Amino acid sequence: MRWHGQQLGVDDSAALPGMERMDGLVRSVTTPEFAGMTFHEVLAKTALNRVPGASAMPFDWTVNPYRGCSHSCAYCFARKTHEYLDLDSGADFDSQIVVKVNVAEVLRGELRRGSWTREPVMLGTNTDPYQRAEGRYRLMPGIIGALTENRTPFSILTKGTLLRRDLPLLADAAEQVRVTLAMSIAVFDDALQKSLEPGTPSAEARLDTVRAATAAGFRVTVFLMPILPHLTDSIAALDHALGRIRAAGAARVVYGALHLRPGAKEWFLHWLEREHPELVSSYRGLYPGVSVQAPQAYRRWLGKRVQPLLRMHRLDGWDEDDHPRGRPQPGLAAREATAPRLGPVRSTGSAASARPSVVPASEPTLF
């Protein structure tokens, strides 16, 4: 049975995880501006999510204002999570969007607790906080405000150009806490991008957002991932992508091969059979059975191909201060104001910043 919402004050075994008993109204909304999409508005009980196995990650906490994502990326690893809502991981994930309308208020309350130690918080590790729904619901300004007011450093990873709307707010926040930004751009061929990620802004629009964030004083990381075997892994394609990223002013690039978890794997292979049937047998060989990652031999081959290009385009740098586990320091704003760079210096964080060089990352949405 598909999920249709919960009744007020009634225990429901089909409810969203952690929200079996609702204390407020849940409604489903459709509007002409978002044809084909349904927004399921819910009142969340919690906003901060502890990351399982956090010791292996460069962060422990996330906030996800939405579930499901209208970017509709065929490879998105989060697709499987929609099945917990009794929705499918294919078309439902793209069109049935759960909106936590009270997330900023709940987050503010959680951050004010005496037990909160201002650990870094990540946004964009599951579904995109700047997907199209954010244009309607405007949840991010409240989230940014709550984190800033409570002196909690945070990072944002997005494919959404709506980030530009909040750059003034983020610049103000960065005067008080460490704020790190990253833009995900996997495909630079317009036709392939529209087929594989039909709900995302174009690569050029995302590069324009990198330019805007850089002009606002942020050192932006670009996630060139996933890199797709036989589709985006040629030297010509990688060199073209990195050249455009460098021209947009990005500070560095994190890259990684396609990662296919259950749910995403079936949906991606369905896309591949429709769009590139000639590659199906090759992909089944690279990702046999329940395999999630490309073979180690392919990842090593990819590294030998990408890393010289990163050095050539000067996108392989990192800074210890960029690590997301770093803590805001007294006088941070004053120190940044006197730094010998144009505009205020903001840090960017990534999983790669814990290592001595940029290396392939294993998860396309974690930093």
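The values are calculated or read from the model by the stated rules, or taken from the named source; none is laboratory data. Remember, it's a predicted structure, so these values are computed and weren't measured experimentally. Don't worry about glycine lacking a Cβ; one is built from the backbone with ideal geometry, like all the others, and counts go over all protein chains shown.
Looking only at segment 86-101, which residues are crowded, with 18+ Cβ neighbours inside 10 Å and of a type in the set (A, V, I, L, M)?
Answer for segment 86-101, where residues must be crowded, with 18+ Cβ neighbours inside 10 Å and of a type in the set (A, V, I, L, M): LEU87, ILE97, VAL98, VAL99, VAL101.
So is THR148 polar (S, T, N, Q) and either closer than 21 Å to GLN131 by Cβ or within 14 Å of the chain's Cα centre (by Cα) (or both) or not? Steps first, answer last, please.
Details: polar (S, T, N, Q): yes; either closer than 21 Å to GLN131 by Cβ or within 14 Å of the chain's Cα centre (by Cα) (or both): no.
Taking the combined requirement at face value, the residue does not satisfy it.
Checking PRO120 against (1) surrounded by 20 or more Cβ atoms within 10 Å (Cβ to Cβ); (2) touching a Phe, Trp or Tyr at 6+ places or on another chain (Cβ under 6 Å); (3) under 23 Å from SER195 (Cα atoms), which single condition isn't satisfied?
Only one criterion is unmet by PRO120, namely (3).
Scan segment 129-179 for residues that are more than 29 Å from GLU33 (Cβ to Cβ) and β-branched (Val, Ile, Thr) and jot them down.
THR148, THR152, VAL177, VAL179
Show me the helices (runs of 4 or more DSSP H) entirely contained within segment 262-367 in which 2 or more residues are out of contact with any Ser or Thr (no Cβ under 6 Å at 6 or more places or on another chain) and modelled with pLDDT of 50 or more.
Numbers: elements: 264-275, 280-286, 296-312, 332-337.
Result: 264-275, 280-286, 296-312.
Residues of segment 17-46 being under 17 Å from ASN102 (Cβ atoms), hydrophobic (A, V, I, L, M, F, W, C) and either assigned to a helix (DSSP H, G or I) or modelled with pLDDT under 85 (or both), which ones?
MET19, MET22, LEU25, VAL26 - these are the residues of segment 17-46 that are under 17 Å from ASN102 (Cβ atoms), hydrophobic (A, V, I, L, M, F, W, C) and either assigned to a helix (DSSP H, G or I) or modelled with pLDDT under 85 (or both).
Do the conditions hold for SER89, that is, is it modelled with pLDDT under 95, out of contact with any Lys or Arg (no Cβ under 7 Å at 6 or more places or on another chain) and among the hydroxyl-bearing types (Ser, Thr, Tyr)? It would help to see each step written out before you state the result.
Details: modelled with pLDDT under 95: yes; out of contact with any Lys or Arg (no Cβ under 7 Å at 6 or more places or on another chain): no; among the hydroxyl-bearing types (Ser, Thr, Tyr): yes.
Considered against the rule, which asks whether it is modelled with pLDDT under 95, out of contact with any Lys or Arg (no Cβ under 7 Å at 6 or more places or on another chain) and among the hydroxyl-bearing types (Ser, Thr, Tyr), SER89 comes out as no.
Is one or more of the residues making up segment 163-171 touching a Lys or Arg at 6+ places or on another chain (Cβ under 8 Å), surrounded by fewer than 16 Cβ atoms within 10 Å (Cβ to Cβ) and not acidic (Asp, Glu)?
no
Do we have ALA236 as surrounded by 19 or more Cβ atoms within 10 Å (Cβ to Cβ) and either touching a strand residue (DSSP E or B) at 6+ places or on another chain (Cβ under 7 Å) or not polar (S, T, N, Q) (or both) here? Break it down stepwise before answering.
On the way: surrounded by 19 or more Cβ atoms within 10 Å (Cβ to Cβ): no; either touching a strand residue (DSSP E or B) at 6+ places or on another chain (Cβ under 7 Å) or not polar (S, T, N, Q) (or both): yes.
Against the criterion (surrounded by 19 or more Cβ atoms within 10 Å (Cβ to Cβ) and either touching a strand residue (DSSP E or B) at 6+ places or on another chain (Cβ under 7 Å) or not polar (S, T, N, Q) (or both)), ALA236 does not qualify.
Quick one: is GLU41 more than 14 Å from ASN126 (Cα to Cα) and surrounded by fewer than 16 Cβ atoms within 10 Å (Cβ to Cβ)? Write out each step before concluding.
Numbers: more than 14 Å from ASN126 (Cα to Cα): yes; surrounded by fewer than 16 Cβ atoms within 10 Å (Cβ to Cβ): no.
So GLU41 fails the test.
Each row is one residue, and each column tells you yes or no for (1) modelled with pLDDT under 95; (2) β-branched (Val, Ile, Thr); (3) within 27 Å of PRO52 (Cβ to Cβ).
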| position | (1), (2), (3) |
| --- | --- |
| THR127 | yes, yes, yes |
| ARG151 | no, no, yes |
| SER155 | no, no, yes |
| ARG178 | no, no, yes |
| SER202 | no, no, no |
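Only one residue in CYS69, CYS76 is out of contact with any strand residue (DSSP E or B) (no Cβ under 9 Å at 6 or more places or on another chain), under 26 Å from ASP166 (Cβ atoms) and buried (at least 18 other Cβ atoms within 10 Å of the Cβ), so which one is that?
On the way: CYS69 fails: out of contact with any strand residue (DSSP E or B) (no Cβ under 9 Å at 6 or more places or on another chain).
Criteria check complete, one pass: CYS76.
Kindly establish whether ALA257 is among the aliphatic types (A, V, I, L, M) and within 30 Å of ARG165 (Cβ to Cβ). Give the derivation first.
Details: among the aliphatic types (A, V, I, L, M): yes; within 30 Å of ARG165 (Cβ to Cβ): no.
Taking the combined requirement at face value, the residue does not satisfy it.
Can you tell me how many residues in segment 271-298 are among the charged types (D, E, K, R) and farther than 18 Å from ALA74 by Cβ?
0
Yes/no matrix, rows are residues, columns are (1) within 28 Å of ASP94 (Cα to Cα); (2) in contact with a Cys (Cβ under 7 Å, 6 or more places away or on another chain); (3) not in a loop (DSSP other than H, G, I, E, B):
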site: LEU157; (1), (2), (3): yes, no, yes
site: PRO168; (1), (2), (3): no, no, yes
site: ALA182; (1), (2), (3): yes, no, yes
site: GLN193; (1), (2), (3): yes, no, yes
site: GLY199; (1), (2), (3): yes, no, no
site: LEU207; (1), (2), (3): yes, no, yes
site: ALA213; (1), (2), (3): yes, no, yes
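Return the pair list, or none, for Cβ contacts closer than 8 Å from residues in segment 214-228 that are of a type in the set (Ser, Thr, Tyr) to residues that are not in a loop (DSSP other than H, G, I, E, B), at least 6 apart or on different chains.
From residues that are of a type in the set (Ser, Thr, Tyr), the pairs are THR221/THR180; THR221/LEU181; THR221/ALA182; THR221/MET183; THR221/ARG252; THR221/VAL253; THR221/VAL254.
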